[in-house]
Amino acid sequence: MSEFTSPAVQAMNLIRYIGDQVSESGKPISDLPKISEKIGVPSEEFLEQLVEELCENGIIKMTKSEITWSPNVTRFARVNLTLDGWKQYEAEKRGGFAGNNGFLAMQFGEPDLEAFVLEVVKPAVKEDTGYDLVDMRDVGKAGIIDNIMRVQIRDAKFVIADLTHDNNGAYWEAGYAEGLGKPVIYICEKEKFERDDGTHFDTNHCTTVVWSKSRDNDDNFRQELTATLRRSLDESR
């Protein structure tokens, strides 16, 4: 990971890791390896603290090994989720966990859109609502990109999908988020949206915040986007 995540996301990442490993093997993890970077904690010592706290809160169960990573860090063995831990794991799979960020689905490599996202969309979301807005380029993880994308959407508080370029991936990601019950806000370039063959008929009746390549409505777009987002999150103010 390029930067550390919030404690809530770190905890969910650890629950997810344990659940995935135990589900695949059918037995408790015999030895919890060095996974601090995978779950977004700054060190193995922080990982130890996180494991112990989740154990104290009845989310995971484990025994300690005598083997150590360093003089101050203990390795854990026979790690598993408790019943409450499995409930959280299954809820996360259904999109029941939401971090402090939104996910942006869009076509990459389009200069007008890239500039608009960088200069207007992401700053508007951050400055006006307090949420970070990330896309797949912000996620520095190794692995199968489809699986990483699913996790990012499941962990997102909301999804913003740009439909300007008929990108199949953006439509799929928006549909996946809709299926999980995540709020989805659609945006589209004005000329594209107003064409007879504009956005797909399954979305053209949905609330869509329109932006312009000429950039003459940036302020109006920003106000409408953040107002729509707050309504969607029931955070109107």
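The values are calculated or read from the model by the stated rules, or taken from the named source; none is laboratory data. Owing to the predicted nature of the structure, the values given are computational and were not obtained by experimental measurement. Ideal geometry is used to build each Cβ from the backbone, glycine not excepted, and the neighbour counts take in all protein chains shown.
In segment 7-51, what residues are part of a helix (DSSP H, G or I) and hydroxyl-bearing (Ser, Thr, Tyr)?
Tyr17, Ser23, Ser25, Ser36, listed by residue number.
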- request: Quick one: Cys206 ticks every box in (1) farther than 28 Å from Ser36 by Cβ; (2) touching a residue at least 24 places away in the same chain (Cβ under 8 Å); (3) hydrophobic (A, V, I, L, M, F, W, C) except a single one, so which number is it?
  value: (2)
query: What about Met136, is it touching a helix residue (DSSP H, G or I) at 6+ places or on another chain (Cβ under 9 Å), surrounded by 17 or more Cβ atoms within 10 Å (Cβ to Cβ) and modelled with pLDDT under 90?
result: yes
task: Would you be able to tell me the number of residues in segment 80-95 that are in a helix (DSSP H, G or I) and either surrounded by fewer than 19 Cβ atoms within 10 Å (Cβ to Cβ) or free of Cβ contacts under 8 Å to residues at least 60 places away in the same chain (or both)?
output: 7
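Would you check if there is a residue in segment 177-184 being of a type in the set (Asp, Glu) and at pLDDT 90 or above?
yes
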- request: Considering only segment 185-237, state which residues are outside any helix (DSSP H, G or I), among the hydrophobic types (A, V, I, L, M, F, W, C) and surrounded by 14 or more Cβ atoms within 10 Å (Cβ to Cβ).
  value: Ile185, Ile187, Cys188, Cys206, Val209, Val210, Trp211, Leu233
query: Does segment 117-133 contain at least one residue that is part of a loop (DSSP other than H, G, I, E, B), modelled with pLDDT of 90 or more and in the same structural domain as Arg222 (by TED's automatic domain parsing)?
result: yes
message: So for segment 88-108 (the condition being among the acidic types (Asp, Glu), touching a Lys or Arg at 6+ places or on another chain (Cβ under 8 Å) and closer than 23 Å to Glu224 by Cα), does at least one residue qualify?
response: no
- request: Give me a count of the residues in segment 155-176 that are in a helix (DSSP H, G or I), touching a helix residue (DSSP H, G or I) at 6+ places or on another chain (Cβ under 8 Å) and modelled with pLDDT of 90 or more.
  value: 2
Selection count where residues are farther than 16 Å from Gly19 by Cα, modelled with pLDDT of 75 or more and charged (D, E, K, R), scope segment 50-85: 3
- request: Scan segment 45-61 and report the pairs whose first residue is assigned by TED's automatic domain parsing to the domain that holds Lys87 and surrounded by 16 or more Cβ atoms within 10 Å (Cβ to Cβ) and whose second residue is acidic (Asp, Glu) and at pLDDT 90 or above, with Cβ atoms within less than 8 Å and a gap of 6+ or a chain change.
  value: Ile59/Asp84
